[in-house]
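The values are calculated or read from the model by the stated rules, or taken from the named source; none is laboratory data. Owing to the predicted nature of the structure, the values given are computational and were not obtained by experimental measurement. Virtual Cβ from ideal backbone geometry, glycine too; neighbours counted across all protein chains shown. Note: accessible area is taken over every heavy atom of the protein model, side chains too, but ligands, DNA and RNA are not part of it. Shrake-Rupley method; radii C 1.70, N 1.55, O 1.52, S 1.80 Å.
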Amino acid sequence: MAKQALITGITGQDGYHLSELLHAKGYTVYGLMRGQQNPKRGRLEQEQPFIKLVEGDLTDQSSLIRAIELAKPDEVYNLAAISHVGYSFKTPQLVADVTGKGTLNVLEAIRLTGGTKSIRFYQASTSEMFGGLDYNRPGKGYDEDALFHPRSPYGVAKLYAHWITKNYREAYGIHASCGILFNHEGERRGLEFVTRKISNAVARIHLGKQDHIELGNLDSKRDWGYAGDYVEGMWLMLQQAKPDDYVLATGETHSIRDFLELSFKQIGIDDWKPYVKQNPAFMRPSEVDILLGNPAKAERVLGWKRKVDFPGLVKLMVEYDIGIESATNLV
Ligand code: NAP
Ligand code: F7E
């Protein structure tokens with residue numbers, strides 16, 4: 001019998017990669033989509049017609065119960081969230097409701113529909129829970145036992161979601177695992193995130209559609225991997241006999257400057273500085289200065305390993321954006 005999966009956050013970056021992966025593995029894929037007229041519905045229906053769309057919202061408990069009753073999933077991947085760290089400072093209460101309490105709503109929907117013993121649950125936890133502070137020894141790489149000190153309303157909401165997932169595992173015996181994922185990017189990354197903002201701007205500069213890019217803090221460092229590799233790790237977590245928490249990361253960290261350097265090199269520009277202006281509007285009230293992850297446990301237990309390295313990621317993103325920007329006449 002083909003397995004059934006329900007993915008919340010189906011319209012997001014990871015929703016795209018995970019649904020492709022599960023479809024290739026023979027799953028029937030259900031995707032939770034919010035809004036009465038979600039602008040992404042058309043793209044999804046055209047590009048991924050195999051996805052069975054279910055309307056619902058993480059803040060609406062009844063819609064989640066309905067989605068689970070309809071999909072009868074073997075596995076639920078909770079990817080939905082308001083996921084932009086900068087935006088979370090502007091709408092902290094909304095982020096608490098969606099990114100934090102929304103996870104509780106999904107877990108409760110599983111419990112209330114009697115799925116506690118049969119449904120496996122994945123929670124999209126994040127390296128933002130660590131906060132990047134010195135005392136937490138970022139130089140050694142955060143692993144599953146590192147201390148949490150979130151530095152944004154997003155990070156705090158995710159920490160609630162992380163702990164409530166662990167609580168449901170302990171209290172009700174639900175097969176619930178948390179993937180503590182470090183930044184993962186790619187051609188499906190939203191344009192509001194720094195890597196895609198850069199790759200897209202570099203493509204447009206190359207094609208003469210734009211002459212500069214405005215960014216905030218150029219000094220922060222991130223452990224950047226490829227989203228296509230990371231969804232494989234999510235799936236592997238739910239195939240284990242026992243639920244657990246795992247860090248997925250590359251074990252390397254690079255600055256925004258490094259990303260700029262490699263991106264501009266891709267279009268034959270060695271000195272990127274004349275093309276970049278700093279704009280305080282993109283700075284955050286409190287920043288995570290450096291993130292570096294230690295994926296040893298995931299490599300050992302799950303056999304997971306990232307395939308795309310940092311230069312490969314930048315190349316893939318810039319090439320993709322040159323392709324789509326060349327294909328449209330819009331300036
Ligand atoms: P994303 O592209 O921002 O996608 C977020 C998804 O959540 C979208 O499908 C969005 O729907 C949906 N959503 C937002 N509010 C919702 C609501 N109230 N009800 C139902 N759905 C809602 O995020 P991503 O990069 O794919 O990341 C997937 C998950 O992993 C997120 O939980 C994120 O916080 C977490 N994470 C991401 C990274 C990373 O580097 N990408 C790292 C660690 C953890 P709309 O399209 O309708 O807005
Ligand atoms: O910022 C700096 C910014 O928004 C990265 C989410 O997927 O990963 C992501 O969160 C860095 C920060 O990602 C701009 O200040 C400079 O230091 O691309 P980002 P993020 O905040 O790391 C984690 C793991 C998640 O869980 C999140 O959901 O880049 N930066 N200038 C900028 N960032 C943005 N967005 N825009 C700029 O213009």
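Under the condition of being under 30 Å from P73 (Cα atoms) and not hydroxyl-bearing (S, T, Y), the residues counted in the range 112-169 number 24. Which of the residues that make up the range 145-193 are touching a Leu at 6+ places or on another chain (Cβ under 9 Å), open to solvent by 50 Å² or more (accessible area, probe 1.4 Å) and within 11 Å of ligand 1 (Cβ to nearest atom)? None - no residue of the range 145-193 is touching a Leu at 6+ places or on another chain (Cβ under 9 Å), open to solvent by 50 Å² or more (accessible area, probe 1.4 Å) and within 11 Å of ligand 1 (Cβ to nearest atom), so the list stays empty. Considering (1) aliphatic (A, V, I, L, M); (2) within 16 Å of ligand 2 (Cβ to nearest atom); (3) more than 18 Å from the chain's Cα centre (by Cα), the lone condition that A71 does not fulfil carries the number (2). Flag not set for S19, criterion: within 30 Å of E287 (Cα to Cα) and more than 8 Å from ligand 1 (Cβ to nearest atom).
Of the residues making up the range 114-133, at least one is at pLDDT below 95, open to solvent by 10 Å² or more (accessible area, probe 1.4 Å) and within 15 Å of ligand 2 (Cβ to nearest atom).
The set of residues in the range 45-65 being farther than 13 Å from M33 by Cα and either of a type in the set (G, A, S) or within 15 Å of ligand 1 (Cβ to nearest atom) (or both) consists of E47, Q48, Q61, S62, I65.
Looking across the range 88-108, the residues that are open to solvent by less than 50 Å² (accessible area, probe 1.4 Å) and away from ligand 2 (no atom under 16 Å from the Cβ) come down to L104, N105, V106, L107, E108. Candidates are the residues of the range 33-51 that are under 28 Å from L112 (Cα atoms) and buried (at least 18 other Cβ atoms within 10 Å of the Cβ); the one that is farthest from ligand 2 (Cβ to nearest atom) is I51.
Hey, among V85, V54, which residue is crowded, with 16+ Cβ neighbours inside 10 Å and either charged (D, E, K, R) or within 19 Å of the chain's Cα centre (by Cα) (or both)? Walk me through it before giving the result.
Working: V54 fails: either charged (D, E, K, R) or within 19 Å of the chain's Cα centre (by Cα) (or both).
One residue alone meets the criteria, V85.
Please work out if L218 is open to solvent by less than 50 Å² (accessible area, probe 1.4 Å) and over 20 Å from F282 (Cα atoms). Explain how you work it out, then say what you get.
Working: open to solvent by less than 50 Å² (accessible area, probe 1.4 Å): yes; over 20 Å from F282 (Cα atoms): no.
It is false that L218 is open to solvent by less than 50 Å² (accessible area, probe 1.4 Å) and over 20 Å from F282 (Cα atoms).
Taking the numbered list (1) in a loop (DSSP other than H, G, I, E, B); (2) at pLDDT below 95; (3) more than 16 Å from ligand 2 (Cβ to nearest atom) in turn, A146 passes all entries but (3).
Listed by first and then second residue, the pairs with beta-carbon distance under 6 Å, at least 6 apart or on different chains, first residue in the range 11-40 and assigned by TED's automatic domain parsing to the domain that holds W235, second open to solvent by less than 60 Å² (accessible area, probe 1.4 Å) and among the acidic types (D, E), are R34/D57. Looking at the range 288-300, which of the residues that are surrounded by 14 or more Cβ atoms within 10 Å (Cβ to Cβ) and away from ligand 1 (no atom under 16 Å from the Cβ) is farthest from K242 (Cα to Cα)? Among them, the one singled out is D289.
For the range 57-79, the set of residues classified as open to solvent by less than 20 Å² (accessible area, probe 1.4 Å) and in contact with a Lys or Arg (Cβ under 9 Å, 6 or more places away or on another chain) consists of L58, S63, A71, P73, E75, V76, listed by residue number.
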